[in-house]
Amino acid sequence: AQGLAQRLAARGPQLLNAALAYSKPRLATFWYYAKVELAPPTPAEIPRAVDSMKAMVRAFQSGRLAQLTVKEALRNGLVATEVLMWFYIGEIIGKGGLIGYNV
């Protein structure tokens, strides 16, 4: 046990430097995309989102939805699933638990 502690103490700074070197570029990439993707919509983006939703409703009503490629349908399904999961996560946070509300 003492030998393990000595080896860990000797290699600790080396392991820490390796972990920092490995994580810095990945964290920079994460923060770059997080700032873009997790930012609230700007006032200019809201009308575009409304128009996009209207176009989706028109496509559904006209039957154009049946002409989607598998790739487009899968992408739309994944986006809908992501929105639904964020809703569920917000509900769990709001309730303060997984099951039921305190009434």
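Note on the chain: dipole from Cβ charges, positive end direction compared against Gly96, Thr29, Leu68; the farthest Cα belongs to Thr29.
At each listed q (0.18, 0.19 Å⁻¹), what is the log10 of I(q)/I(0) that the Debye formula gives for the chain modelled as equal alpha-carbon point scatterers? These q points yield log10 I(q)/I(0) values of -1.08, -1.11. So which lysines can Lys35 reach, going by Cα to Cα under 20 Å and dropping same-chain residues fewer than 8 places off? Qualifying lysines at Cα under 20 Å: Lys24.
Using a 1.4 Å probe on the protein chains only, how many percent of the accessible area of segment 1-63 belongs to carbon and sulfur? After summing per-atom areas, the C and S share lands at 68 percent. Each label point was placed 7 Å from the Cα along the Cα-to-Cβ direction; for Thr69 and Tyr32 their separation is 2.7 nm. The distance linking segment 44-103 with segment 1-35 is 38 Å (Cα centroid to Cα centroid, whole angstrom). In the context of the full set of protein chains, residues of the chain present 93 Å² of accessible surface per residue (probe radius 1.4 Å, heavy atoms only).
When +1 charges are put on Lys and Arg Cβ atoms and -1 charges on Asp and Glu Cβ atoms, the dipole computed for the chain relative to its Cα centre reaches about 320 debye.
Helices in the chain, meaning DSSP H runs of at least 4 residues, each add -39500 (n - 2.57). Divided by all residues, the mean residue ellipticity at 222 nm is -27500 deg cm²/dmol.
The values are calculated or read from the model by the stated rules, or taken from the named source; none is laboratory data. Keep in mind it's a predicted model, so treat the numbers as computed, not measured. Positions of Cβ are backbone-derived with ideal geometry, glycine not excepted, and every protein chain shown enters the neighbour counts. Side chains included, ligands, DNA and RNA excluded: accessible areas come from the protein's heavy atoms. Shrake-Rupley method; radii C 1.70, N 1.55, O 1.52, S 1.80 Å.
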